1. Under a point spin-label approximation (7 Å from Cα along Cα-to-Cβ), what is the T153-T127 distance to one decimal in nm?
2. Report the antiparallel proportion of the DSSP beta bridges in region 32-158 as a percent, rounded to a multiple of 5.
3. Any idea what the dipole of region 45-157 comes to, in debye rounded to 20, about its Cα centre with Lys/Arg Cβ at +1 and Asp/Glu Cβ at -1?
4. Spelling out what I want: for every residue of region 75-81, take phi, set θ = phi - 60°, compute 6.51 cos²θ - 1.76 cosθ + 1.60 (Karplus), and round to whole Hz; glycine and proline get x.
Amino acid sequence: MHIHKYEKWWLVFGTGTLIAFLIIIGVSAFHSGTHPNNSKWTLDYEKVDETAPFDNPGVHKVEGKDWDYEVVLVASAFSYNPTEIEIPVGSKVRFIATTKDVIHGFEVAGTNINMMLEPGYVSEQITTVDQVGEFTIVCNEYCGVGHAMMYSTLKVVE
Ligand code: CUA
């Protein structure tokens with residue numbers, strides 16, 4: 001097949017551009033794939049509902065551990081399960097959370113509780129709730145159209 005000189009040049013140029021483009025895509029995919037996450041606890045984010053402890057979200061009183069309560073929380077676009085958490089003041093709490101879809105945040109406004117929830121990873125934070133009140137749990141990672149509507153409530157009671 002005869003290809004005109006200039007057409008051939010454009011073919012080479014086009015292919016080269018495509019390869020460069022694919023390299024850039026590949027590099028950014030690799031970069032996000034090696035995104036550092038300090039959590040070593042991983043799970044299949046598509047099977048969160050069947051994976052313990054996320055098959056039973058909520059507040060659980062525990063015995064014989066360094067903390068008094070475990071709060072198991074599942075985030076998904078655009079809500080948290082549970083939608084309300086109640087804990088007695090002075091309790092040491094281990095928050096255990098993950099996401100079923102995209103990256104979400106978990107920030108208890110007005111406290112030091114703040115975690116990023118990434119698909120495939122479990123985030124944890126242990127803290128003592130020492131202030132009575134009602135705290136709003138907000139998503140501080142942009143996750144889509146319902147981002148601003150995504151919240152839950154932490155009630156610290158006497
Ligand atoms: Cu979930 Cu923003």
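FYI, it's all coordinate maths here, none of it is from the lab. Predicted model only: the values in this text are computed from it and were never measured. Neighbour counts are summed over all protein chains in view; Cβ atoms, including those assigned to glycine, are modelled from backbone coordinates with ideal geometry.
1. So the two model labels end up 1.9 nm from each other.
2. Values: 26 of 38 bridges.
Taking every DSSP beta bridge within region 32-158, about 70 percent pair in antiparallel fashion.
3. Numbers: 7 positive and 17 negative charges, 26 e Å.
For region 45-157, the charge dipole is close to 120 debye.
4. 3J(HN,Hα) across region 75-81, in whole Hz: 9, 8, 6, 10, 8, 10, 10.
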